[in-house]
Amino acid sequence: GGLCGSATSLLRGAWSAGLDVTDRSPHSIYYVGMYSMKDVGLDAMVSLPGSNLVFKNTTGAPLMIHIKYDNADNSIVRVQMLGTKPFQEIKFSEAARERGYYVRTRTIEAKDGTKKEEKLYSSYRKFM
């Protein structure tokens, strides 16, 4: 948890909503006990004064961030980004390995049919 858990939840909400993630640092070590392997590469570390999470509202309309903590559901935090949907569809890939990185890819299809592929890169040290 803490700041990194909150930043990770916000990252996942922003990434799923198709928002531009302009600044993000993954953890240096991926803690499987805190985050599952199915979510590898979708974490964000916050550490002052350097690492931060920054995303940009590119929808052209106001954005509401709805955060829900569900203690009855294994203490899960859910983040929803509510606003205008400026695209037709978003497709997400599972984490893949590419040149030593875990890579998450999303393909955003605009309403005019054009597609844009974006990648999120993460690398981790081994935990001893």
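Which one of the conditions (1) touching a residue at least 24 places away in the same chain (Cβ under 8 Å); (2) open to solvent by less than 50 Å² (accessible area, probe 1.4 Å); (3) more than 18 Å from T105 (Cβ to Cβ) does S36 fail to meet, given that it meets all the rest?
Tallying (1) touching a residue at least 24 places away in the same chain (Cβ under 8 Å); (2) open to solvent by less than 50 Å² (accessible area, probe 1.4 Å); (3) more than 18 Å from T105 (Cβ to Cβ), S36 fails exactly one: (1).
Filter the range 58-79 down to the residues that are open to solvent by 60 Å² or more (accessible area, probe 1.4 Å) and touching a residue at least 24 places away in the same chain (Cβ under 8 Å), then identify the one that is farthest from the chain's Cα centre (by Cα).
Step by step, filter the range 58-79, then rank; the result is G60.
Are any residues in the range 44-88 at pLDDT below 85 and at positive phi, and if so, which ones?
If the condition is that a residue be at pLDDT below 85 and at positive phi, then N74, S75 are the ones that fit.
Taking H27 as meeting all but one of (1) under 20 Å from K85 (Cβ atoms); (2) in contact with a strand residue (DSSP E or B) (Cβ under 9 Å, 6 or more places away or on another chain), write down the number of the exception.
In the conditions (1) under 20 Å from K85 (Cβ atoms); (2) in contact with a strand residue (DSSP E or B) (Cβ under 9 Å, 6 or more places away or on another chain), H27 misses (1) alone.
Being in contact with a Lys or Arg (Cβ under 9 Å, 6 or more places away or on another chain) and either basic (K, R) or over 18 Å from G2 (Cα atoms) (or both) is true for just one of T58, T105, T114, T84. Which residue is that?
On the way: T58 fails: in contact with a Lys or Arg (Cβ under 9 Å, 6 or more places away or on another chain); T114 fails: in contact with a Lys or Arg (Cβ under 9 Å, 6 or more places away or on another chain); T84 fails: in contact with a Lys or Arg (Cβ under 9 Å, 6 or more places away or on another chain).
Checking each option against the conditions leaves just T105.
So the check is Cβ under 8 Å with 6+ separation or different chains; which pairs have a first residue in the range 1-16 that's without any contact (Cβ under 8 Å) to a residue 40 or more places away in the chain and a second one that's not polar (S, T, N, Q)?
These pairs meet every condition: G1/M34; T8/Y35; T8/L42; T8/D43; T8/A44.
Answer with yes or no whether R104 is closer than 19 Å to H27 by Cβ and at pLDDT below 90.
Details: closer than 19 Å to H27 by Cβ: yes; at pLDDT below 90: no.
Answer is no for this residue.
Give me the residue from the range 80-119 that is over 22 Å from T8 (Cβ atoms), in contact (Cβ under 8 Å) with a residue 24 or more places away in the chain and basic (K, R) and, out of that set, least open to solvent (accessible area, probe 1.4 Å). Outline the logic, then answer.
The first filter runs over the range 80-119 and keeps only residues over 22 Å from T8 (Cβ atoms), leaving 84-89, 99, 107, 109-117.
Among the residues that remain, those that are also in contact (Cβ under 8 Å) with a residue 24 or more places away in the chain are: 84-88, 110-111, 113.
Next cut, basic (K, R) only: 85, 111.
Working: K85: 108, K111: 138 Å².
Ranking the candidates gives K85 first.
The values are calculated or read from the model by the stated rules, or taken from the named source; none is laboratory data. The structure presented is a predicted model; accordingly, all values stated were derived computationally and were not measured. FYI the Cβ positions are ideal-geometry reconstructions off the backbone, even for glycines, and counts take in every protein chain you see. The accessibility values were calculated without ligands, DNA or RNA, using every heavy atom of the protein model including side chains. Shrake-Rupley method; radii C 1.70, N 1.55, O 1.52, S 1.80 Å.
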